[in-house]
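Below: one structure, written as structure tokens.
All of the numbers you see were taken from the coordinates with simple rules; none came from a lab. Since this is a predicted model, take the numbers as computed values, not measurements. For neighbour counting, all protein chains shown are included, and Cβ atoms are generated from backbone atoms with ideal geometry for every residue, glycine included.
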Amino acid sequence: MPTVGFAGSGALPPQVVFSGTSNVYALFDDCGFQRPALAPCGARLFLSRDKGVTWKSLPVPRGVPTLSAEWSQPQAAGPDVLLAWYDGAAVSTDYGSTWRTVRIRGRTSTIPNGDFLSAETFDNLVVNADTATAATLTPPSAMPLADIHGALLPNGALWLNDGDTVGVQAPADGNWHFLPKRKDQVELGPLPGSDTVLQMFGGPSAKAQIGTAGEGAALPAAYERTSSDQGRTWVTTPLHGPSADAVCAVQLPDRTALAFSADGQRLLSLRPGSDTFTTWNHPPLDLPICLHISAGKVWGTTRDHKLVSSTDGYTWQSRGLPATGGTPSASTGSRS
């Protein structure tokens, strides 16, 4: 029996995150077809404990933005959930049932195991869900620029990008290693999913398009950089084959990189040791807007509000997202 979700025509795609192989959260507005032009919407948060088969509505913290565009990507780990926006954040330690406002206290140069990294304010914040507190992340002295963005990798490594330099803090010893960016090139940082081998793509800044991932942002991948020693040394390789967009690329558990083609109509793959993108022969039936990785899941949402996900990038499931107004859209099952 197909799972029924709803596609709010014209509504923004939901923001989704996995916190385990079965638990997944979806955050999006509740306007459906009825949204007047430029009118604010009430944010809605849902939780599924069965990979998107059924959904439960959750309360949202008080005082949160009504415009979903002001929200960041939710973050989750086990029962802990972080919701952040342009000037605030809230955390839950019980799968979103109750919430506490995050308070900023002091600074830190490390991210303890289990903490979240939020970059929604002017500074990066290290958030602890248990205490509902956050500390401003102090970047290393080699990266003095204020506008710094970064992320945590599956192996616990932290990387930061200040526009001129990519820095990686190795999880084993906490030491920083720095890679100056190539002149007139854009490098977005290690791909989500990078673990034992860090992998990132770069391309000419003249061809980069500014926007949101999956909604206008684009960077043709002209070369690949890989590091097998947590950022101490890097190998640069020119890339060939069909033009791939580096913005929504991810690294699968077998170290294959997946990226959208430049026209967004198909998935391309770059196998370990190869320098040529080829068409990926194991795409989902419902092609998502962008690819993401969290909690060991590769996933994305479609324009008709379906959630596609996979543990390995080869076999995919497609589920309807929770009802938020609009026209029903049935899931299409799975594809190998």
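Listing for the model above:
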{"read-out": "Summed side-chain charge close to residue 270 - residues other than residue 270 whose Cβ falls under 11 Å, Lys, Arg +1, Asp, Glu -1", "value": "0"}
{"read-out": "Stokes-Einstein D for region 52-102, Kirkwood Rh over Cα pairs, 4 °C, 1.567 mPa s (µm²/s)", "value": "112 µm²/s"}
{"read-out": "Candidate lysines for bridging to residue 306, where Cα separation is under 20 Å - those fewer than 8 sequence places away on the same chain excluded", "value": "51, 56, 297"}
{"read-out": "Compactness relative to 2.2 N^0.38 Å, alpha carbon Rg of region 49-183", "value": "1.13"}
{"read-out": "Whether region 255-310 is rounded, prolate or oblate, judged on the alpha carbon gyration tensor where a/c under 1.5 counts as rounded", "value": "oblate"}
{"read-out": "Dipole magnitude of region 82-162 about its Cα centre (Cβ charges: Lys, Arg +1; Asp, Glu -1), debye to nearest 20", "value": "220 debye"}
{"read-out": "Cut-off 12 Å between beta-carbons: net charge of the residues surrounding residue 129, Lys and Arg +1, Asp and Glu -1", "value": "-3"}
{"read-out": "Label zone at residue 197 (point 7 Å along Cα-to-Cβ), backbone N below 19 Å, region 153-186", "value": "153-157"}
{"read-out": "Region 171-177 - phi-based ³J(HN,Hα) in whole Hz, Karplus 6.51/-1.76/1.60, Gly and Pro as x", "value": "x, 5, 10, x, 7, 9, 10"}
{"read-out": "Radius of gyration, Dmax [region 125-165; alpha carbons; angstrom]", "value": "11.7, 35"}
